[in-house]
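Worksheet: one structure, shown below.
The values are calculated or read from the model by the stated rules, or taken from the named source; none is laboratory data. Here the structure is a predicted model, which is why all the values come from computation and not from measurement. Backbone-built Cβ (ideal geometry, glycine too); neighbour counts: all protein chains shown.
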Amino acid sequence: MFTTTMTLDEINSLICNVDVKLAKGDREILYKYAQRVPKGGQIVDIGTCQGGSAFIMTLASDDSVGVVTIDPNPNPLFFTKKVELGLENRLEYLQVKSIDAPPLIDKQIDLLFVDGIHNKQGVMDDYNNFEYLLKDKAIVIFHDTELYKNTIREGVNQLIDETKVIEIETVLSEINGVTTGITVTMKL
């Protein structure tokens, strides 16, 4: 069983054959905030793909933290790697659209990673649909806020304007020469 003493470099080496569409800075943010989730806490990952973000957050968090990843389109590579990493009992996969997932989650959420539908409405819907499950001061991380400034970033800005969240930090990173950006907020 993996423990929280793993470094990000160790995690990266374990998932090196996963097509992780996360820049170095994105990975660092997920690792940092997943480590801060309290024992017995809950992480939710919207947008599984091959599982890179879910694997990073699961391996970075305490063994008692539950992790749920959501995607309507199952990827066989995710399931193979999940078994290879021994995460069958820690990482739950929900094959549903994110809009249908909140009633299936039975714990309050400490950390929500939004990387699903890449437009303003998708970001707003994901936040608003999960808001009632978020603990006070829960961390909500939005991916690709720089890459999609006119859509994802606008959705995050609207959430800030509506005083639903406050921005903690935005990290700009490049992957394959493209600046992605990851924005960390906290629920008010």
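For every residue, the table says whether it meets (1) β-branched (Val, Ile, Thr); (2) modelled with pLDDT under 95; (3) on the phi > 0 side of the Ramachandran plot; (4) surrounded by 19 or more Cβ atoms within 10 Å (Cβ to Cβ).
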position: 47; (1), (2), (3), (4): no, no, yes, yes
position: 54; (1), (2), (3), (4): no, no, no, yes
position: 61; (1), (2), (3), (4): no, no, no, yes
position: 66; (1), (2), (3), (4): no, no, no, yes
position: 69; (1), (2), (3), (4): yes, no, no, yes
position: 72; (1), (2), (3), (4): no, no, no, no
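Applying a threshold of 6 Å to beta carbon distances and a minimum spacing of six or more residues, or different chains, the list of pairs starting in segment 141-155 at a residue that is over 12 Å from residue 172 (Cβ atoms) and ending at one that is part of a strand (DSSP E or B) reads 141/113; 141/184; 142/114; 142/183; 143/182. Look at (1) surrounded by fewer than 16 Cβ atoms within 10 Å (Cβ to Cβ); (2) closer than 24 Å to residue 108 by Cα and you find that residue 174 fails only one, number (2). The C-beta contact set for segment 120-140 (first residue among the polar types (S, T, N, Q), second residue outside any strand (DSSP E or B), distance under 8 angstrom, 6+ apart or interchain) comprises 121/155; 129/98; 129/99; 129/101; 129/102. Scanning segment 2-33 for residues that are within 14 Å of the chain's Cα centre (by Cα) and touching a residue at least 40 places away in the same chain (Cβ under 8 Å) yields a count of 9. When residue 36 is tested against (1) within 24 Å of residue 126 (Cα to Cα); (2) without any contact (Cβ under 8 Å) to a residue 40 or more places away in the chain; (3) basic (Lys, Arg); (4) surrounded by fewer than 18 Cβ atoms within 10 Å (Cβ to Cβ), exactly one condition is not met: (2). Selection within segment 1-29: residues that are within 21 Å of residue 119 (Cα to Cα) and either at pLDDT 95 or above or not β-branched (Val, Ile, Thr) (or both). The member of this set that is surrounded by the most Cβ atoms within 10 Å (Cβ to Cβ) is 26.
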